[in-house]
Amino acid sequence: MALDKVRSSAAAVMGRVVAAAALLSPPALGSFNDEVNTLVEIKKALNDPSGVLPAWDPEVIAAGDEQCDWPMVVCNGKDQVFRMDLSNQNLSGTLSPAIGNLRSMRNLLLCNNSISGLIPDTIGQIVHLETLDLLNNQFTGSIPSTLGGLAHLQYLELNNNSLSGHIPDSLATASMLSNLDLSFNNLSGPLPIFRASIVSFRGNPLLNPTAQEPHDFPTPKPANSEENSDVLDERDSILDILAVCLSIACVVTTLITVVVVVYRLRHRHEQAGAVDDVSSAVSLTDSGLSQYSISSLFILP
């Protein structure tokens, strides 16, 4: 029994020594952090015919570089992935669910590629994400409801894909979302009322836009109801009366204008005739007087 206790104590001490040595010794070559492994998993799920991701290789990390030195990756001051921009790189394949391990990322840009498959639910784990741009790809399936839980998400571009199903209510009520583009997909069902200030959902013929109208608006009555018919008749009568009055006013105005113009023309004509008569009289007088000399005017017959 005493020998067994000694052996147990020795084994416990040895275990502690090994654990302490593991903590104090440097990490073995090729032992990478989670973000490096995540980037490698993302690369594996993508097809890269143009060869734009050759540097995303664990051997580069083994040589002493960090993932922050990889192309199209930007890190913050803590050497954590802050931005990933793979836009316009002719990529296909799928987006790995491992993307959710990049918890400190703020901007994820994958637009203008041919990436297909589902949008991973794990994107909802990127708690600081502000911009998600997946436009002009070939994503299918439904929009993950986890996207609506991203408290810092401001710009969400999902347009020009093949997404289907309903729009999650969580996405419609996202508090910080300001720009949302869901256009040109295959979405269906009711269209919720969004909090985002800029929303585009055109190109989804199966969506029901009536749900977008506020619910507190009064419902219009049918056009064939008796009350509406009376109102329409009364309105038509008033419009007819106004039309008649307007016509009479136009005729009266025209007559008055004609009378005034005729009167002015006649008045001007009469004035012109009077002036002509005076001029003729003066001319006759001058011609008559010119036949006599001044001396003859004083000689009596």
Could you calculate the FRET efficiency of ASN47 with SER175 from 1/(1 + (r/R0)^6), where r is the beta carbon distance between them and R0 is 30 Å, rounded to 0.05?
0.25
Could you state the accessible area per residue of segment 114-182 in Å², with a 1.4 Å probe and every protein chain left in place?
37
Note, ASP34: beta-carbon cut-off 13 Å, +1 each Lys/Arg, -1 each Asp/Glu, net -2
Relative contact order for segment 88-134, counting Cα pairs under 8 Å that sit 6 or more residues apart, in percent
49
Given backbone amide H placed at 1.01 Å from N, residues whose amide H is under 5 Å from that of GLY93, ignoring those fewer than 5 places away on the same chain, are ASN47, SER116
Interchain or sequence-distant (5+) residues whose placed amide H lies within less than 5 Å of the amide H of SER188 are GLY165, HIS166, ILE167
Through the Karplus equation 6.51 cos²θ - 1.76 cosθ + 1.60, θ set to phi - 60°, convert the phi angles of segment 89-99 into ³J(HN,Hα) values in whole Hz; use x for Gly and Pro.
10, 6, 8, 9, x, 10, 9, 5, x, 5, 4
Calc'd 3J(HN,Hα), segment 49-54, phi into Karplus 6.51 cos²θ - 1.76 cosθ + 1.60 (θ = phi - 60°), Hz, glycine/Pro = x, comes to x, 8, x, 8, 10, x
From the phi angles alone, apply the Karplus equation (6.51, -1.76, 1.60; θ = phi - 60°) to segment 108-113 and give each ³J(HN,Hα) in whole Hz, x where the residue is Gly or Pro.
10, 10, 10, 5, 6, 10
First select every other residue whose beta carbon is under 12 angstrom from the beta carbon of ASN112; then total the charges, Lys and Arg +1, Asp and Glu -1.
-3
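The values are calculated or read from the model by the stated rules, or taken from the named source; none is laboratory data. Values in this document were obtained by computation on a predicted structure and should not be read as measured data. Please note: Cβ atoms are built from the backbone with ideal geometry, for glycine as well, and neighbour counts cover all protein chains shown. What goes into the accessible areas is simple: the full protein's heavy atoms, side chains included, and nothing from ligands, DNA or RNA. Shrake-Rupley method; radii C 1.70, N 1.55, O 1.52, S 1.80 Å.
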